[in-house]
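**Q** My questions all concern the structure below.
The values are calculated or read from the model by the stated rules, or taken from the named source; none is laboratory data. In this text the structure is predicted, and so the values were computed from the model without any measurement. Note that we place each Cβ from the backbone using ideal geometry, even for glycine, and neighbour counts take in every protein chain shown. Side chains are part of the model used for accessible areas, which takes the heavy atoms of the whole protein and leaves out ligands, DNA and RNA. Shrake-Rupley method; radii C 1.70, N 1.55, O 1.52, S 1.80 Å.
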Amino acid sequence: DSGVTQTPKHLITATGQRVTLRCSPRSGDLSVYWYQQSLDQGLQFLIQYYNGEERAKGNILERFSAQQFPDLHSELNLSSLELGDSALYFCASSVVPSNYGYTFGSGTRLTVV
Amino acid sequence: TQLLEQSPQFLSIQEGENLTVYCNSSSVFSSLQWYRQEPGEGPVLLVTVVTGGEVKKLKRLTFQFGDARKDSSLHITAAQPGDTGLYLCAVITGSYQLTFGKGTKLSVIP
């Protein structure tokens, strides 16, 4: 157990639907990062939060949004889902943004049918 | 263009063999990280290398950061089935985001 908790573990939904993925960071970590992993693109950075505020955006689609709440948990909202959004979504956390390693959760596998 | 190129993409070896995987770039980095990812799990940090020419050992795994800090290698001695997984190198870019290579998928056959 890495200490980063992601729910749900698996999610199957239809095209056009909206889903919410949840992440609880490791205790004491203020930074949360979201990544998408697909077979062809590998692990791609989506968005970063630090202590409730958005710090950086990567390759995140406009249909996707996220937020970090006062208790530091984070949610990634995916809307108007397309088949190509099927992927593994990972959350990672760190105490502060730094040059050192981050702790990843075990991911949410999203399947859009 | 991929910032980090990893090779080989796939590697299948017998238990007990040695292997080396590579992570290359044309850019210079202040540090580089190696992660291992097992099926159904998130990446787990193995090591961070910081100094050019640095060598770090983690049991049977030896990590080296190139002198020019543009590349890195991971050498596994006497591979075990438990070493099976996806090996990813990553660097910090922008506002402290991790940028990953596409990884080397290693299978160690008993």
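**Q** D for chain B, whole µm²/s, Stokes-Einstein with Kirkwood Rh over alpha-carbon pairs at 10 °C and 1.306 mPa s: what number?
**A** 114
**Q** Something else: If a/c stays under 1.5 just call it rounded; otherwise compare a/b with b/c (prolate if a/b is bigger, oblate if not). Do that for the range B:56-110, with a ≥ b ≥ c from the square roots of the Cα gyration tensor eigenvalues.
**A** oblate
**Q** What translational diffusion coefficient, in µm²/s and rounded to a whole number, does the Stokes-Einstein relation yield for the range A:1-111 at 37 °C and a viscosity of 0.692 mPa s, taking the hydrodynamic radius as the Kirkwood radius over Cα pairs?
**A** Translational D for this selection: 237 µm²/s.
**Q** Can you put A:75, B:15 in order of accessible area, largest first, using a 1.4 Å probe?
**A** So, going from the largest accessible area down, we get B:15, A:75.
**Q** First measure r as the distance between the Cβ atoms of residue A:61 and residue B:62, then evaluate 1/(1 + (r/R0)^6) with R0 = 30 Å and state the FRET efficiency to the nearest 0.05.
**A** So the FRET efficiency works out to roughly 0.15.
**Q** Two-decimal Rg/Rh of the range A:74-113 from alpha-carbon positions, Kirkwood Rh?
**A** Rg divided by Rh gives 1.09.
**Q** In addition: Local charge sum around residue A:92 (other residues, Cβ-Cβ under 11 Å, Lys/Arg +1, Asp/Glu -1)?
**A** Net local charge, residue A:92 excluded: 0.
**Q** Another one. For B:104, B:62, what's the largest-to-smallest order of accessible area, 1.4 Å probe?
**A** B:62, B:104
**Q** Connecting C-alpha atoms closer than 10 Å in a GNM of chain A, tell me which of A:55, A:63, A:22 has the biggest fluctuation.
**A** Comparing A:55, A:63, A:22 in the GNM, the peak value goes to A:63.
**Q** Over the protein assembly as shown, what lengths in whole Å, largest first, do the semi-axes of the equivalent ellipsoid take, defined as the square roots of 5 times the eigenvalues of the alpha-carbon gyration tensor?
**A** They are 30, 20, 16 Å, listed largest first.
**Q** Separate question: Under the definition of Cα pairs under 8 Å and six or more residues apart, what whole-number percent is the relative contact order of the range B:26-110?
**A** So the answer I get is 27 percent.
**Q** Using a 10 angstrom cutoff on alpha carbons, build the Gaussian network for chain B and name the most mobile of B:49, B:28, B:91.
**A** With Cα springs under 10 Å in chain B, the top fluctuation among B:49, B:28, B:91 is at B:28.
**Q** Grab the other residues whose beta carbon is less than 12 angstrom from that of residue B:52, score K and R as +1, D and E as -1, and report the net.
**A** Net of charged neighbours comes to -1.
**Q** If you add up the charges near residue A:14, with Lys and Arg at +1 and Asp and Glu at -1, over every other residue whose beta carbon is less than 14 angstrom from its beta carbon, what do you get?
**A** -1
**Q** Another question, if that's okay. With an 8 Å cut-off on Cα pairs and a minimum separation of 6 or more residues, tell me the relative contact order of chain A in percent.
**A** 37
**Q** Obtain the nm distance between the two label points defined at residue B:3 and residue B:55 by a simple spin-label model: each point lies 7 Å from its Cα along the Cα-to-C-beta direction.
**A** 2.9
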